[in-house]
Amino acid sequence: MSVTVSSPAVRSFHVSRSPHKTIYRPRVIMSAVRSSDSLGVAPILTKLQKDCATPLPVLRHVADAMADDMRAGLAVDGGSDLKMILSYVDTLPTGNEKGLFYALDLGGTNFRVLRVQLGGKEERVVATEFEQVSIPPELMFATSEELFDFIASALGKFAQKEGGNFELQQGRTREIGFTFSFPVKQTSIRTGILIKWTKGFAVSGTAGKDVVACLNEAMERRGMDMQVSALVNDTVGTLAGARYWDDDAMVAVILGTGTNACYVERVDAIPKLTKRMSKSPITIVNTEWGAFSNGLPLTEFDREMDAESINPGEQASIIDSKCENFFSSYTWYHTVSSWSFLLSYFLMKIFEKTISGMYLGEIVRRVLVKMSKVGGLFGGSYVPEKLVTPFVLRTPDICAMQQDTSRDLEAVESVLYDVAGVKSDLSARKTVVDICDTIAKRGGRLAGAGIVGILQKMEEDSKGLIFGKRAVVAMDGGLYEHYPQYRGYLQEAVTELLGSEISKNVVIEHSKDGSGIGAALLAAANSKYEHDY
């Protein structure tokens, strides 16, 4: 496999494998926030653990409520917190696909182009190549034609480098799987009307138009022999990529900065689908499960974030572009003026706030602030100014602290001092690790309950055809990949809910970066050409 990369990857979640050996000692700036109480740390930690607790009855309620909300969302648009968006993907990869196909992943200020040569059942993926391209800031406020012309130009340059193991069958147009992570109303596998731009984009002349047509027209203007044959989102692409390798793949979940899930649904179980687009008995449904909110165990810190999120206007569209680089841009965390936008980002996405990487570190920070003010956690009545800065403590930071196995918790000491400006003794560091574990445990176990809710809904509708055989859940996202404790708690919850025997049939597999190749595979599966295999 040959891989070409033109710029660093975004949306990454990386924790160094080596321990922190050097503790940097920048000057600590203290704020004039004094303790007004002396309740101590222990009662705060005890209450936090109680409020975050996810015993089996809580997990069962969450799973049941998830299944109920799925049904309500499938019955009618707006029927529940879950949008249950129809993907119009009803032809999935089988492994028989052959030929050269492309993918374009547009989800923020960077986009990725990819090509894959498929060799059918015998050879499968013969070769892949990809490049990542940064969008110039001025094009985020340009016209629709200017933006799509730039994207088409980058695609064209990438296609010109085609060679080696890549060969287009004679007489065919290059087909693209288009991953478009902005709000669209999709009406078929090849059409999607843009509702509005988010993530800091304010491109004129696109809202209300078909984004597939916009890209196709841009490629035509440049005389390119390429066309979009599938429009998908990243979660659907992940499921398609997993299904290519394993026919038992039924669900895909993204757990990174944000979170989402999709699954294979029977068409006759979707009452709101009044017009059949094909004869296929199945389709993929995008749950948008981040908006789920029924029966979740919440703390005072979660509620504070919600209260502070109530800001006028549509600030979420501004912060989306920041979120894209959430785990890869250290400098941005220290931009104080940015935090209010973060607080407004997921106003209604309660489930996302409890399980995704965007928020775990921030919840821990808020707990530490209260413990400092009220309980003197760090040995005084002052709170370091850096610790008061929202989102200064990231989820990779709390993950790194949980990996510390040294006797004196040196990595914890380093993270607290370098990131939050906090001096700590061993007792305080142990408390911090307990807090990190409490928040990660709640997140992982709730995510596991959500997965069981989806499987449970599928099982009930199929009269025993899901739990009675092997079912694969494809997982992608840096949070799941790089946070072992979180990953363990997720699996633990699935096993508790399903029992040891049934849970053996539910295989949770990591599908690293499956959405990119998945989009190309969907382009192949939905090719306009007759398959010759």
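The values are calculated or read from the model by the stated rules, or taken from the named source; none is laboratory data. These numbers were taken from a predicted model, which means no experiment stands behind them. Note that we place each Cβ from the backbone using ideal geometry, even for glycine, and neighbour counts take in every protein chain shown. Heavy atoms of the whole protein, side chains included, go into the accessibility calculation; ligands, DNA and RNA do not. Shrake-Rupley method; radii C 1.70, N 1.55, O 1.52, S 1.80 Å.
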Once neighbouring chains are kept in place and the probe is 1.4 Å, which whole percent of the accessible area of region 88-232 is contributed by carbon and sulfur? 47 percent
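Can you tell me the length gained on complete extension of the stretch Glu162 to Arg407, counting 0.36 nm per residue apart and subtracting the Cα distance?
Working: separation 245, 0.36 × 245 = 88.20 nm, distance 5.38 nm.
Between Glu162 and Arg407, full extension yields an extra 82.8 nm.
Give, as a single signed number, the net charge of other residues whose beta carbon lies under 14 Å from the beta carbon of Val472, with Lys and Arg counted +1 and Asp and Glu -1.
Working: positive: Arg243, Lys469, Arg470, Lys504; negative: Asp246, Asp247, Asp248, Asp476, Glu509.
Local net charge: -1.
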For Thr259, list long-range residues whose amide hydrogen, built 1.01 Å from N in the peptide plane, is under 5 Å from its own amide hydrogen. none
Once both label points are put 7 Å beyond Cα along the C-beta direction, the Ala202-Ser134 separation in nm becomes 2.2 nm
Integer Hz, Karplus 6.51/-1.76/1.60 couplings in order for region 173-190, x for Gly and Pro: 8, 5, 10, 10, x, 9, 8, 10, 9, 10, x, 9, 9, 8, 10, 6, 5, 10
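So what is Rg over Rh here for region 88-232, counting just Cα atoms and using Kirkwood for Rh?
Values: Rg = 15.3 Å, Rh = 15.8 Å.
With Rg and the Kirkwood Rh in hand, the quotient comes to 0.97.
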Taking placed amide H atoms and a strict 5 Å upper bound, the residues 5 or more places from Thr179 or on another chain that come that close are Leu104, Asp105, Leu106, Val232
Rg and Dmax of region 400-533, Cα atoms only, in Å: 20.6, 68
Karplus-derived HN-Hα couplings along region 507-523 (A = 6.51, B = -1.76, C = 1.60, θ = phi - 60°), whole Hz, x at Gly and Pro: 9, 9, 10, 7, 10, 4, 6, x, 5, x, 5, x, 5, 5, 5, 5, 4
Roll a 1.4 Å probe over the protein chains and send me the accessible area per residue for region 374-507 in Å². 34 Å²
Quick one: net charge of Gly361's neighbours, Cβ under 13 Å, K/R +1, D/E -1? +2
Cα-projected label distance for Asp268 with Thr94, points at 7 Å along beta-carbon direction, nm: 2.2 nm
Hey, what do the phi angles of region 208-225 turn into as Karplus ³J(HN,Hα) couplings, whole Hz, using 6.51/-1.76/1.60 and θ = phi - 60°, x for Gly and Pro? x, 10, 7, 5, 5, 4, 4, 6, 4, 5, 5, 5, 5, 4, 9, x, 8, 8
Long-range amide H partners of Val126, meaning residues 5 or more apart or on another chain whose placed amide H is closer than 5 Å, are Gln117, Leu118, Gly119
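Residues of region 215-268: accessible area per residue at 1.4 Å, in Å²?
29 Å²
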